[in-house]
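> Before I ask anything, let me first share the structure, which is written out below as structure tokens.
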Amino acid sequence: MDKQERAISLQDLCWKIVLGWRRLLACAVIFAVVMTVWQYVQGQKSYNEAMKKYREQTEALESGESETLTGRTEFTDAELAQIQDAKSLQSLLDRNRAYIQKSILMNTNAYRENVLILEYYVDSEYRFNYTEDNEVDYTNAVVDAYKHYGENGGLAEKIDEELDLGYELRYVQEIVGVTVAASMDTFTVEIIYPDQVMLQKISDVVDTALQEQASAISDSIGRHSLKLISETITVRTDSDLANYQQTYQNMVNNYRNQFNTLKNAMSAEQLAEIEMMVKEDDEEEEENVPEVELVEPVKPGIGVGNFVLGAIAGLFLAAIWITCEVLFASRLQTVEELSEMYGLRLFGTVQLTEKGSGFDRYLQKLKNRHKKQMPQEAWIDIICSNIELVCRSENLKQVYLTGSEWEKLDAQTVEHITEGLKKADIQVFCGGNICYDMVSLRDVYEVGNVILIEQENVSIYREMEKEMKTLAEQKVQILGSVGVI
């Protein structure tokens, strides 16, 4: 039988994973412990390095070397270059951090962006007359004037003046955008703001400001009228803003990493010099010598997050492990495969009630909750009845019971099946694996028909195929099969 032709039920696969709860639990615990220990070891290593540097800096300060922090000690050219680079990175980092904290755009949810969209049409009074000399059409210049007014702070100043949003003007200007249509007679104003109620107020301010601007543009460029075509407040996903925010954040992270790398290679004197120079630039330095505060590193602890992450990884890998076992299994996965794969008549299934722990039995009951629940004896009676009916229809008085893993069968189950068939006046013969026991093979040949008893997760596909091939060669009839789980 080609294993690639096996049909695997997704439901059966899920139950295989659930029933392998011991393996899932073991992998989850092992990976959780390993992940936690690894994180602790790495943290301890970093802590030891930081603590060593902290002690060196503390000893330098206590021995009077802190006097060099005032700038009285001369640094080498390489040290000065490091200090200047670190100072520049610190300034860039501070400015960009401030921008991320204060900017309206940087604090807008790009995946749920509230935006006001106002579309305007410029109705120019310019008319072309073929019989008279005419000036150049000034409609494009009018539209460009409105675009210039919106993009260069005119609308932002008006919004800030009327509504006082509480932001610096440069941040208000960032949320205003103006685009001109290809026809060059319409333009669109887009304003981004987190609060939709405030967007409605902004809409009124923008419309008023543009209408006021219309008279000035008419006097300077050409007469026209400005008409509002549509006004919409909507929620959208802005991929450009998301990329802009991510780029800015990556830039800040890059500055931070470069700054930390420079700091790690510096002495306590250089670090203090950087701090003093930054304070001088911010005009916050006092006349006396600044005190250098060294922060003692914090000892690493046990991270609950790493424990949980390791447990999840363990569960995932254990599930993959079980799935691979099912996909590439060499043993019978379900008793239904006896009929689905080999075309054998399935007389019934015997459930070994003593199999597994209490929790395993609970899971088996949960798995079979939609099936009729009966004692093992009742299932064996049904199996014997099915065999009896087949024997009557084919006028058979004797059967032979065997299986590819006969030596591993439950003796009590075989005994119950044998007794049930004897009550129906059917003579029963039992024997070992016919592929390896010649006595059993001769007995099967003499009887002429056989019933195979195969076990889930025990019977091997290759052995079953070999067994059925041998029976076919000896022209022994296979009446059907019985599954044991």
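> Angle, helix 239-264 long axis vs. longest principal axis of the chain, Cα atoms, 0 to 90°, nearest 10?
The answer is roughly 90 degrees.
> Give me the one-decimal nm value for the distance between modelled label points at Asn457 and Lys201, 7 Å along each residue's Cα-to-Cβ direction.
Going from the Asn457 label point to the Lys201 one covers 6.8 nm.
> Using label points projected 7 Å from each Cα along Cα→Cβ, tell me how many nm separate Thr208 and Ala50, to one decimal.
5.4 nm
> What FRET efficiency would be calculated for the residue pair Ile117, Asn243, taking the C-beta separation as r and a Förster radius of 22 Å, to the nearest 0.05?
Values: r = 21 Å, r/R0 = 0.94.
Efficiency, from the Cβ-Cβ distance: 0.60.
> Nearest 0.05, what FRET efficiency do Asp94 and Tyr362 give at R0 = 51 Å with Cβ-Cβ as r? Write down the numbers at each step before the final one.
Details: r = 61 Å, r/R0 = 1.20.
The pair Asp94/Tyr362 has a calculated efficiency of 0.25.
> Further question on the same structure: What nm distance separates the two modelled labels at Val326 and Arg223, each placed 7 Å from Cα along Cα→Cβ?
Label at Val326, label at Arg223, 8.2 nm between them.
> Rounded to the nearest 20 Debye, what is the dipole magnitude of the chain about its Cα centre when Lys and Arg each give +1 and Asp and Glu each give -1 at the C-beta? Present the calculation step by step, with values, prior to reporting the outcome.
Values: 46 positive and 80 negative charges, 948 e Å.
So the magnitude is around 4560 debye.
> Now for a separate question. Could you tell me which residue out of Leu93, Ser404, Gln57 lies farthest along the dipole of the chain toward its positive end? Charges go on the beta carbon: Lys and Arg +1, Asp and Glu -1, centred on the Cα centre.
Farthest towards the positive end: Ser404.
> Here's something else I'd like to know. Per the helix-only calculation at 222 nm, which mean residue ellipticity applies to the chain, given -39500 (n - 2.57) for every DSSP H run of n ≥ 4 and division by its residues, nearest 500 deg cm²/dmol? The partial results should precede the final answer.
Numbers: 16 runs with 264 residues, N = 485.
Calculated from helices alone, the mean residue ellipticity at 222 nm is -18000 deg cm²/dmol.
> A further question follows. Using a Förster radius of 51 Å, what is the FRET efficiency between Val37 and Ala378 based on their Cβ-Cβ separation? Nearest 0.05, please.
Numbers: r = 53 Å, r/R0 = 1.03.
Efficiency for this residue pair is about 0.45.
> Continuing with this model, one more query. Starting with the highest mean, order 151-162, 448-459 by the number of other Cβ atoms within 10 Å, averaged over the residues of each peptide.
448-459, 151-162
> Helix 154-163 versus the longest principal axis of the chain: what is the Cα-based angle in degrees, 0 to 90, to the nearest 10?
On a 0 to 90 degree scale, this one is about 80.
> Determine the gain in length on full extension of the stretch Leu352-Met251; use 0.36 nm per residue of separation and subtract their C-alpha separation, reporting nm with one decimal.
Numbers: separation 101, 0.36 × 101 = 36.36 nm, distance 6.50 nm.
That pair, Leu352 and Met251, stretches by 29.9 nm at full extension.
> If you take Cα extents along the principal axes in Å from the coordinates, which of [x] 125, 57, 49; [y] 81, 54, 35; [z] 116, 93, 37 do you get?
[z]
Bear in mind these aren't lab numbers, they're just calculated from the coordinates by the rules spelled out. Not measured: the values here are computed from a predicted model. Cβ sites come from the backbone with ideal geometry, for glycine too, and all protein chains shown count toward neighbours.
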